[in-house]
Amino acid sequence: MQDIASYEAQRQTTALLKILALGEKEIAQGKVTTAADVFAELDRLDKKDGA
């Protein structure tokens with residue numbers, strides 16, 4: 001039997017592992033964007049909004 005705190009910690013760990021697995025799958029499929037491209041897009045959006 002498991003106490004509620006341990007159960008919740010285990011659920012959070014499982015959720016994080018699922019997110020990590022999804023990320024690794026996307027990387028393997030080539031669904032990635034470089035940091036430079038992300039920052040360039042943010043700069044473009046920032047200028048578009050007049051900031």
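Seen against the Cα atoms of the chain and their longest principal axis, helix 4-28 is set at about 40 degrees. Taken along the Cα-to-beta-carbon direction at a fixed 7 Å, the label points for ILE27 and THR14 span 2.4 nm. Couplings 3J(HN,Hα) of the stretch 34-43, computed from phi: 5, 4, 4, 5, 4, 5, 5, 5, 4, 4 Hz, in residue order, whole Hz [Karplus 6.51 cos²θ - 1.76 cosθ + 1.60, θ = phi - 60°; x for Gly and Pro]. Charged side chains reduced to their Cβ positions (Lys and Arg at +1, Asp and Glu at -1) give the chain a dipole of some 160 debye around its Cα centre.
Only one of the listed values, (1) 37, 17, 6; (2) 19, 16, 6; (3) 24, 9, 5, was derived from the coordinates as semi-axes √(5λ) of the Cα gyration tensor in Å; which label is it? Checked against the structure: label (1). In the chain, the DSSP-assigned H stretches of four residues or longer account for a calculated mean residue ellipticity at 222 nm of -26000 deg cm²/dmol, using -39500 (n - 2.57) per stretch and the full residue count as denominator.
In summary, no aspartates and glutamates lie within cross-link reach of LYS31, defined as a Cα separation below 16 angstrom excluding same-chain residues under 8 places away.
All of the numbers you see were taken from the coordinates with simple rules; none came from a lab. Since this is a predicted model, take the numbers as computed values, not measurements. Quick reminder, even Gly has a Cβ in these numbers, built from the backbone with ideal geometry, and neighbours come from all protein chains shown.
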